[in-house]
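Data block below; observations after.
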Amino acid sequence: MKMVSSLCQFGSKKWRIAGCKPLSWRSWAGDYVVFSPLSGQTHSLDIVTGRVLNLIMSESSSFDDLRVEISSFLEVNNDNRLAQTITEILSRVEEAGLIEPEG
């Protein structure tokens, strides 16, 4: 199980979708369902996690890029609380095998 305990471990990474096949996903009223052809598993995501994954699917994204985009999306301050939330999201979706660090 991969768990990252430090925000700075995420800060320098760019993220991309894991594997070479695209994810299949659908969104209904803010809930996301994502199928990973790499693992054969389906994942249910909340609106913020779905938005993070959607941003990464559109192009590889750094932690700082995600902070700016999610801050704007949620209309909240880009502060340490948001950074912790994004860190937790990245940890969960990496652990699920949906994303991986670039390079």
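The values are calculated or read from the model by the stated rules, or taken from the named source; none is laboratory data. Note that the coordinates shown come from a computational prediction; the quantities given were computed from them, not determined experimentally. Positions of Cβ are backbone-derived with ideal geometry, glycine not excepted, and every protein chain shown enters the neighbour counts.
Mind checking which residues of segment 44-61 are within 20 Å of LYS21 (Cα to Cα), among the aliphatic types (A, V, I, L, M) and part of a helix (DSSP H, G or I)?
VAL52, LEU53, LEU55, ILE56, MET57
Restricting attention to segment 15-36, and to residues there that are of a type in the set (Ser, Thr, Tyr) and touching a strand residue (DSSP E or B) at 6+ places or on another chain (Cβ under 6 Å), which single residue is modelled with the lowest pLDDT? Even if it seems obvious, please write down each step before you answer.
Going through segment 15-36, the residues of a type in the set (Ser, Thr, Tyr) turn out to be 24, 27, 32, 36.
Still in the running and touching a strand residue (DSSP E or B) at 6+ places or on another chain (Cβ under 6 Å): 24, 32.
Numbers: SER24: 89, TYR32: 93.
Top of the filtered list is SER24.
Criterion first (of a type in the set (Ser, Thr, Tyr) and modelled with pLDDT under 90) does SER12 satisfy it? Lay out the reasoning, then the answer.
Numbers: of a type in the set (Ser, Thr, Tyr): yes; modelled with pLDDT under 90: yes.
So SER12 passes the test.
How many residues does segment 60-103 contain that are among the acidic types (Asp, Glu) and under 18 Å from ARG26 (Cα atoms)? Write out each step before concluding.
Residues of segment 60-103 that are among the acidic types (Asp, Glu), as a first pass: 64-65, 69, 75, 79, 88, 94-95, 100, 102.
Still in the list and also under 18 Å from ARG26 (Cα atoms): none.
Qualifying residue count for the region: 0.
What's the number of the only condition in (1) in contact with a Leu (Cβ under 8 Å, 6 or more places away or on another chain); (2) at positive phi that ASP65 fails to meet?
In the conditions (1) in contact with a Leu (Cβ under 8 Å, 6 or more places away or on another chain); (2) at positive phi, ASP65 misses (2) alone.
So which residues in segment 62-97 are assigned to a helix (DSSP H, G or I) and of a type in the set (Val, Ile, Thr)?
VAL68, ILE70, THR85, ILE86, THR87, ILE89, VAL93
Every residue in segment 35-61 that is out of contact with any Lys or Arg (no Cβ under 8 Å at 6 or more places or on another chain), among the aliphatic types (A, V, I, L, M) and surrounded by 15 or more Cβ atoms within 10 Å (Cβ to Cβ), please.
Across segment 35-61, the qualifying residues are LEU45, VAL48, VAL52, LEU53, LEU55, MET57.
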